[in-house]
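**Student:** Let me give you the structure first, and then I'll get to my questions.
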Amino acid sequence: NYFYPDLSKGYQTSQFDEPVCGPAVISVAVGDDKRDIRIERIHMEEDAAKNIHSEGAQSLIDFNRAGVPLIEIVSAPDMRTGEEAEAYLRWLRETLMFVGVNDGNLEEGSFRCDANVSIRPRGQTELGTRTELKNINSFKFVRLAIEAEAKRQIALVEAGESVIQQT
């Protein structure tokens, strides 16, 4: 239970306990290589409102999509680069459009991405503290945002500071 402007009732209804499906594994082409990416679960939840930020200090909230059911596809932390995340999302979008369950419209928000980014030192198995990047609606911006966030986290750790979990 939390207050955030795009979820004015203070909570989000989610089908977390009994997902529609999962787990699964897909194989995605990344350049000349293949990467297996695990899908942990697919579940339904309700969409939040849309925050619209203007050039100035003003923000607006469009409640037209608030409460509308959506499908969330949760992948495992198997992607290592922004390029891999971009390839995965392109594959996912094409597949969903092919089977007719999504129009793939990035600009209107019917296909969006939340990306969790965490780093780990080479040779270690445990991931570091994650940062969540929300509602990204462009393949290029997903790749660039992940790359920028990874660089930010690396710089923090190399400077002896800690990464703080945030959205």
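The values are calculated or read from the model by the stated rules, or taken from the named source; none is laboratory data. Only a predicted model underlies this, so the values are computations on that prediction, with no experimental measurement involved. Because the Cβ atoms are built from the backbone with ideal geometry, glycine has one as well, and the counts that use them run over all protein chains shown. Only protein heavy atoms, including side chains, enter the accessible area calculation; ligands, DNA and RNA are left aside. Shrake-Rupley method; radii C 1.70, N 1.55, O 1.52, S 1.80 Å.
**Student:** Considering the options Pro121, Leu96, Ile71, tell which one lies farthest towards the positive end of the dipole of the chain, charges being +1 on Lys and Arg and -1 on Asp and Glu at the Cβ, about the Cα centre.
**Tutor:** Working it through, the farthest residue towards the positive pole turns out to be Pro121.
**Student:** Probe of 1.4 angstrom, ligands and nucleic acids ignored: what's the accessible area per residue over the chain, in square angstrom?
**Tutor:** Here the residues of the chain average 68 Å² of exposed surface.
**Student:** Which whole-Hz couplings ³J(HN,Hα) result when phi for each residue of the stretch 60-72 is put into the Karplus expression 6.51 cos²θ - 1.76 cosθ + 1.60, θ = phi - 60°, listed in order with x for Gly and Pro?
**Tutor:** Coupling constants for the stretch 60-72: 10, 10, 9, 8, 4, 9, 4, x, 6, x, 9, 9, 10 Hz.
**Student:** Excluding residues on the same chain fewer than 8 positions from Lys140, give the lysines whose Cα lies under 25 Å from its Cα.
**Tutor:** The reachable lysines, counting only those whose Cα sits under 25 Å from Lys140, are Lys34, Lys50, Lys151.
**Student:** Under a no-solvent Debye model with one identical scatterer per Cα of the chain, what's log10 I(q)/I(0) at q = 0.10, 0.15 Å⁻¹?
**Tutor:** Here the Debye-derived log intensity ratios amount to -0.44, -1.01.
**Student:** Same structure again: What ranking, highest mean first, results for peptides 106-117, 77-88 when packing means the other Cβ atoms within 10 Å averaged over each residue?
**Tutor:** Ranking, from highest mean packing down: 77-88, 106-117.
**Student:** Right, another one. Ignoring ligands, DNA and RNA, what percent of the accessible area of the chain is carbon or sulfur (1.4 Å)?
**Tutor:** 51 percent
**Student:** Another question, then. Past the 16 angstrom mark, what percentage of all C-alpha to C-alpha distances in the stretch 47-131 do you count?
**Tutor:** Counting every Cα pair in the stretch 47-131, those more than 16 Å apart make up 66 percent.
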